[in-house]
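Here is the structure we will look at, set down as structure tokens.
The values are calculated or read from the model by the stated rules, or taken from the named source; none is laboratory data. Since the model is a prediction, treat every value here as computed from it, not as a measurement. Neighbour counts run over all protein chains shown; Cβ positions are idealised from the backbone, glycine included.
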Amino acid sequence: MTVAFVTNPNHAAHAVDGHVERPERLHAALDMLRESGLLDRLHQLDCPAPESVVLPPLHTQRYLERLDEVCAEGGGWFDPDTYCVPGSCDAARTAAGACLGATDAVLHGDATSAFAAVRPPGHHARPQQAMGFCLLNNVALAARHAQRQHSVGRIAIVDIDVHHGNGTQDAFYDDPTVLYVSTHQYPFYPGTGRAGELGAGEARGTNVNIPLPAGCGDAEYADVFDQLVEPIVRRYQPELLFVSLGFDAHYLDPLAMMSLSVDGYGGLMSRLRALAAELCGGKLVVALEGGYDLDAIAWGVRRTIEVLLGDTPTPDPLGPSPTPRTPEISGLLSELRALHEL
């Protein structure tokens, strides 16, 4: 079993002092993989140079030009959360290019699965707008690349970041060839992700939002996967599975209020790996999204790599949430099952 791995070494050029989306996030994860010896067991891909990255059609030309303009002018802020400095455009292009390369490795058969440890993250970036720390939508671009360069017909994207991936939803809202499934805290930033946002036209039903109350942890997420995520993805029968993976649903995360543990994340990734094996020959591409506690992101990435390699997981040193809330979600799950005709 071969697992490809790619990161963008120039990511640290995208940084603003005091911002929670900072280079240390990725440094913590990479240090963990090196120290554990896991990095040496991965098929490491070269990150492309920014000028060599060819983005498939997704973002508007005017937005891409504006992004370049802001970088060239010395940087600025697209919104109160989303910054841009002179090195941000190159970092964003290599993050996207790394995800395209990971997708190529899986679809060329060089690896069964791939992990792209990149920043800036992507799933809030809309076709025409930077948003929520995100400049380019890495996973959405990789999905379009798979369709255009590899003729993949049906793609599923499962997003288990704590925030709704509004940019990914926007990219495919009227496209029945991409199934988008998002588990996220709700109500919460960015304010989208209601259950009734189902897709438009022929794509109605291929946009699946699972808006969860604060406090959901390992047990609640397992129920969500049992009752919704797995049956919906299985019914769709994708040829390729992407995961937008944010570790901000971990109970230590400073920006959110969920209660997943490293073990909980590992369980979800094991399910997704098994689903990919069942439905699409194991073809699975995972891309890093959020996660702002350094211990949680480091151990979360380590556990994800262990799952992809098929290893016995290292015991979770962070343990379960010390203040579990166990919110009642049975009514929500019944509502969503009815809405999606399960």
Subset of the stretch 288-307, residues in contact (Cβ under 8 Å) with a residue 60 or more places away in the chain, in a loop (DSSP other than H, G, I, E, B) and either surrounded by fewer than 24 Cβ atoms within 10 Å (Cβ to Cβ) or touching a strand residue (DSSP E or B) at 6+ places or on another chain (Cβ under 6 Å) (or both), comes to 289, 292
For the stretch 121-137, state whether one or more residues are modelled with pLDDT of 95 or more, assigned to a loop (DSSP other than H, G, I, E, B), surrounded by fewer than 19 Cβ atoms within 10 Å (Cβ to Cβ) and at negative phi. yes
Could you name every one of the strands (runs of 3 or more DSSP E) located completely within the stretch 140-258 that has at least 1 residues being under 21 Å from residue 120 (Cα atoms) and touching a strand residue (DSSP E or B) at 6+ places or on another chain (Cβ under 7 Å)? 155-159, 178-185, 240-245
Condition first: aromatic (Phe, Trp, Tyr), closer than 19 Å to residue 162 by Cα and assigned to a helix (DSSP H, G or I). Can you find one or more residues in the stretch 262-273 that meet it? yes
Mind telling me which of the residues 56, 86, 23, 9 ends up being touching a residue at least 12 places away in the same chain (Cβ under 8 Å), surrounded by fewer than 19 Cβ atoms within 10 Å (Cβ to Cβ) and under 14 Å from residue 138 (Cβ atoms)? 56
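This table checks each residue for (1) touching a Leu at 6+ places or on another chain (Cβ under 7 Å); (2) surrounded by 22 or more Cβ atoms within 10 Å (Cβ to Cβ).
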| site | (1), (2) |
| --- | --- |
| 90 | no, no |
| 99 | yes, yes |
| 119 | yes, yes |
| 147 | no, no |
| 150 | yes, no |
| 166 | no, yes |
| 175 | no, no |
| 191 | no, no |
| 197 | no, no |
What are the residues in the stretch 285-311 that are in contact with a Gly (Cβ under 9 Å, 6 or more places away or on another chain) and closer than 18 Å to residue 95 by Cα, if any? 287, 288, 289, 290, 291, 297, 301
Evaluate the stretch 159-171: report whether one residue or more is in contact with a His (Cβ under 8 Å, 6 or more places away or on another chain) and charged (D, E, K, R). yes
